[in-house]
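In what follows, a structure is listed as structure tokens, so that the remarks can point back to it.
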Amino acid sequence: MTRLTLRAFPLAALTLALAGCGGNQNTLAPKGKPEHAISHLWWWTMTGAWIGFAVVCGLLFLGWLRRNRTELPFGGDDKVGTVLVIGLGVAVPLVVLSLLFIWSDIVVLRSTAAPAHGSTRLTVRVIGHQWWWEVRYDGSKAVTANEIHIPTGVPVQVIGTTNDVIHSFWIPQLNRKIDLIPGRSNRLLLEADSDGTYEGHCSEFCGLQHAHMTATVIAEPPAAFRAWLENMAKPARTPAGADDKRGREVFLAQPCAACHRLRGSAANGDVGPDLTHLGTRRTLAAGTIPNDTEHLAGWIADPQHAKPGNKMPAVQLTGAEFSDLLAYLESLK
Amino acid sequence: MTTVTAPADERVGRLELIWEERPGVLGWLTTVDHKRIGLLYLFATLAFFLAGGVEALLIRTQLAQPDSHVVSPGTFNELFTTHGVTMIFLAVIPMQIGAFGNYLVPLMIGARDMAFPRLNALSFWLFLASGCFIYAGVFMGLAPNAGWFDYVPLALREYSPGLNVDFYALGLIFNGVSSIAAAINLVVTIFKNRAPGMSLNRMPLFCFAILATSFSLLFALPPLTIDLVFLELQRLAGFHFFDVAHGGDPLLWQHLFWLFGHPEVYIIILPAFGIATSIIPTFARRKMIAFPLVALAELLVAFIGFGVWAHHMFAVGLPTIAVVFFAAASMMVVVPSTIQVFAWTLTVTMGRPQFKAPLLFIGGFIVFFVLGGLSGITFAAIPIDQATTDTYYVVAHFHFIIFGAAVFPLLGGMFYWFPKVTGRLYHEGLAQAGFWLTFVGTAATFFPMHVVGLLGMTRRIYTYSDDDGWSAYNLVETIGGYVLAAGLVLIALNLVWSRLRGAPSGRDPFSGGTLEWVTPSPPPHYNFAVIPRVSSPYPNWDAEDRAQDVRNLDRGARVFDDGHEAVASTVKDGYLDDVLEMPSESPWPIVVAACVTVLFVLVLTSHFLAATAFAGLAALALAAWHWQEPE
């Protein structure tokens, strides 16, 4: 009996775990049309799988119940066995697998396919870097990093490419994943049912900090999205106060400008993320730490602490330079 | 062999003399006896299995809790890469082919040795040297670190400047030479060295499985070797195979790798099928149901396994027609597996099963193989694959297959053939306790990985945040990992204790059906005093034939004691074809292996001229080896 309980247990655990689980990376809590199709397919496949598993375990259990027999049933003749093997091992799988093939690889495959050319009015370009995501919007000057805003209920095309090694872009609640491969561009449909924040981790091992490469999709009402995009397209805010001005001068005078871009200023580096609207972002270093004063200060003081191995060096600054720079960066809304 | 008369005694004595090898360490270094080579493989692969296991526990310890700092990110990447490389190339496959295949195939087909005994020795020494080569890198802090499938461009100089990847690539080319030699040897042995009378339809299913595996190795390894050579040419000599800017393509690496990598999965699982089909009839106390179907299914798995590789690449953006083709093939490859699952299961159900430790391990194997197989089917459903690939869902799937389904039969097999190899019985109670610990440990380690994978946890991340909602599952997995390790330790202690203190087992403690149970335990150097008569797939259950063997020994028929002799038979029908003079023990295999090792070290350190010199030395050693061949 212990064997039986052990086998029944995972089924219960899995169903409980997946049905109600929150989090914003649950493949089976879909928030986009393609993912609805995938998770629907998955639940049916899993149900079939448990039935198949139960049949095999049932047969083994039957053998265990009858373990004390002294004689072979049917006098050891294996004709009945062979018929059962052909029935259960050939006929049933052929039918079930054919159905699954038609449903998943012909029907559902269409809903997860790349959007047809011209079927979407908004295109986002996601470019993988070790270890962050560059995000650009076609027809707009907007450039940002790691956070992809989209209008809720509107189909958006994502074109994924890479700047260095292979990465893989995946937002589990919205759709399948696409690999970002040198020399190729892969396309994906993102369409969120409802407003919300949907996260996903880079899914192809891409080096030392593969673990710290999170992309966040923020679905918001179309009006809010338009306002956001309009703001993103603007150049970096001109410093207002004296502190701000000094902060900007520090940025331009120090190595910061060699790697980062502040649109509308002389800073036009393209090694690290575009910082034109850094103050609007929720996290730093691709989801590694929250973007607040304390963490931003910690990040600038020692970028190798939270995400060792990333390309950003520690820069020697005086106390005053440091606080001016911090204030200016935070003001970049 | 109940009544041995004087002439029979004399013949056995002569065989002892003819087949005797040097005593002591020197004997082990120059041995060509497939049983000794099998044991050498076993001890070497167990050592690598231990190393891979320690790496796995370190990985699980790091991931037990969110944001932990047990190891650094760089070390973590080395750990999971080395764990994968070790378990696949240095532990599981060589344990199956080199240890189990080597030890058992000649015994099961009634042969005196492998077809090419010295090549067999060379395979082992090359294997051991390639493992030491890779581990030399590990101990120098240059462990492979780009993942076991080592995708480019990450694995190119630009992104992986250290020697880590070179240790990986050269080590695996090196390892591949050994595997190819072993595969050729097994194919020829199985085709040509069966006891006369053992036509193909009377050959044990274990040998069909090893035959299928060996053919797979022969066709799967060349693409990998070519891929690795391309990689090294690009890394060491500036070629552009994978470089987009110069017309190369990083997907070339992936296609060639998985053209090897998926057949590889079947290479890992087929010998496990073979062990299952050996243990089940013995403990279910009946012949396998649907024997010809199972044999056919074993060969079919290996064949169709070559047409499914791109299901590892459904997210790279292949044309729809291509992904659908590979998905269809991936669905098709399921059918030979379901045939086997039901043949094993129904043989147990319809037999008179005794649930002793070996059969318990096979029960565990069936459970994990079915679980892993069912989750495997979801990768043939392209949209599910595209969602779950490169997550812990995949990690869960392939560990149920590679650990649950491939290693459980190895553990069961170690108990099953322990009396044959040592002449002693293992402790049944402890063995069953060991089974339950490893069973529960395996389920607890790998089952929750399906769930975290579906909850978005991607592979190969060295840490995660508590906000991700994966912490509880990861903790359970880690605890499961330690339970599993405890089970393995218990199994090891049982085997060591039984080797020293176990009760004598006699020739055939379990009433097994195949030929290895005909000969004494442990088997003599020449395996069989008289080449056994075979008229069914379960010759040890044919009392009449065994009585005939005894009469044959008395008469001197099928004894072949005029020299170091073995029998060759025809491929299909197993008629007596020829009597072969077999080569004797030799120091040359280990010398050739040593030269090749130096050659690889010199290539690694870019001393190409000196490397060429050692290639020449290896060729000279090969010439010396053949100089000594018998006439």
Mind jotting down the distance between the C-alpha centroids of the range B:317-370 and the range B:571-603, whole Å?
35 Å
Using just the C-alpha positions of the range A:59-118 as equal point scatterers, what log10 of I(q)/I(0) does the Debye formula give at each q in 0.17, 0.21, 0.25, 0.28 1/Å?
-0.76, -0.92, -1.04, -1.11
Listed by chain and number, the lysines with an alpha carbon less than 18 angstrom from that of B:K35, same-chain partners under 8 positions apart left out, are B:K420
Set of lysines with alpha-carbon distance to A:K33 below 25 Å, sequence-local pairs under 8 removed:
A:K177
Relative packing of peptides B:441-451, A:115-125 - highest average C-beta neighbours within 10 Å first
B:441-451, A:115-125
Over all pairs of different Cα atoms in the range B:501-545, the reciprocal of the mean inverse distance gives a Kirkwood radius in Å of 11.3 Å
Label point distance in nm, A:S265-B:T75, each placed 7 Å from Cα along Cα→Cβ
4.0 nm
After finding the eigenvalues of the alpha carbon gyration tensor for the range B:537-595, what semi-axes result from the square roots of 5 times each, listed largest first in whole Å?
32, 15, 13
What share of all Cα pairs of chain A, in percent, falls into each consecutive 20 Å distance bin?
25, 43, 21, 9, 1
Tilt of helix B:34-63 relative to the longest C-alpha principal axis of chain B, in degrees (0 to 90, nearest 10)?
20 degrees
Show me the three semi-axes of the equivalent ellipsoid for the range B:347-441, from the C-alpha gyration tensor (sqrt of 5 times each eigenvalue), largest first, rounded to whole Å.
32, 14, 10
Distance between Cα centroids, the range A:105-156 to the range B:82-136: provide it in whole Å.
50 Å
Using the Kirkwood radius over Cα pairs, work out the Stokes-Einstein diffusion coefficient for the range B:548-631 at 4 °C and 1.567 mPa s, in µm²/s as a whole number.
80 µm²/s
When A:V154, B:V323 are ranked with the fewest other C-beta atoms within 10 Å first, the list becomes A:V154, B:V323
Around A:K234: net Lys/Arg minus Asp/Glu count, Cβ-Cβ under 12 Å:
+3
Net charge near A:I159 (other residues with Cβ under 11 Å of its Cβ; Lys, Arg +1; Asp, Glu -1) is +3
Multiplying the sequence separation of B:R546 and B:L50 by 0.36 nm and subtracting their Cα-Cα distance, what value in nm do you get?
174.5 nm
By per-residue mean of other Cβ atoms within 10 Å, what is the highest-first order of B:261-272, B:196-207, B:497-508?
B:261-272, B:196-207, B:497-508
I'd like the distance separating the alpha-carbon centroids of the range B:143-204 and the range B:528-547, in whole Å.
35 Å
Here the FRET efficiency for A:A240 versus A:D302, based on Cβ atoms and R0 = 41 Å and rounded to 0.05, is 0.90
How do B:F208, B:F43, B:F325 rank when sorted from fewest to most other Cβ atoms within 10 Å of their own Cβ?
B:F43, B:F325, B:F208
Burial ranking of peptide ranges B:566-573, B:397-404 (average Cβ count within 10 Å, highest at the top)
B:397-404, B:566-573
With axes computed from alpha carbons, what is the tilt in degrees of helix A:33-65 against the longest principal axis of chain A, rounded to the nearest 10 within 0 to 90?
40 degrees
Only counting other Cβ atoms within 10 Å, I'd like A:V80, B:V71 sorted with the fewest neighbours first.
A:V80, B:V71
Extension length gain for B:F325 and B:A619 (0.36 nm per residue less Cα distance), in nm, is 101.3 nm
Taking only the alpha-carbon atoms of the protein assembly as shown, the convex hull volume per residue, in cubic angstrom, is 161 Å³
Sum of side-chain charges, B:G502 neighbourhood, beta-carbon under 13 Å (Lys, Arg +1; Asp, Glu -1):
+3
Paired Rg and Dmax values of chain B, which use every Cα atom, in angstrom:
24.5, 80
Please give the average number of partner chain Cβ atoms lying within 10 Å of the Cβ of each residue in B:66-75, rounded to a whole number.
2
What FRET efficiency, computed as 1/(1 + (r/R0)^6) with R0 = 22 Å and r the Cβ-Cβ distance, is obtained for A:S185 and A:E230, rounded to the nearest 0.05?
0.25
Given a cut-off of 25 Å, name the pairs among B:K287/B:K572; A:K79/B:K192; A:K245/A:K307 whose C-alpha atoms lie farther apart than that in the structure shown.
A:K79/B:K192; A:K245/A:K307
Across 10 Å bins from the origin, how do the percents of Cα pairs in the range A:187-333 run, short distances first?
10, 36, 35, 16, 2
If you average 1/r across every pair of different Cα atoms in the range B:131-228 and take the reciprocal, what Kirkwood value do you get, in Å?
15.6 Å
Give me the dipole magnitude in Debye, nearest 20, for the protein assembly as shown about the Cα centre, with unit charges on the beta carbon: positive for Lys and Arg, negative for Asp and Glu.
1580 debye
For the range B:1-141, the Cα convex hull volume per residue in Å³ comes to 140 Å³
Inverting the mean 1/r over all pairs of different Cα atoms, compute the Kirkwood radius of the range B:171-311 and quote it in Å.
16.8 Å
Mind jotting down a quarter of the surface of the convex hull over the alpha carbons of the range A:56-168, in square nanometres, one decimal?
13.8 nm²
Can you work out the FRET efficiency for the pair A:H295 and A:V154, with r the C-beta to C-beta distance and R0 = 30 Å, to the nearest 0.05?
0.40
Partner chain coverage, peptide A:181-194 - average Cβ within 10 angstrom:
3
Can you give the average number of partner chain beta-carbon atoms within 10 Å of each beta-carbon in peptide A:43-51, as a whole number?
3
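All of the numbers you see were taken from the coordinates with simple rules; none came from a lab. Predicted model, so just to flag it, every value in this text is computed and none were measured. Glycine also receives a Cβ, built like all others from the backbone with ideal geometry; neighbour counts cover every protein chain displayed.
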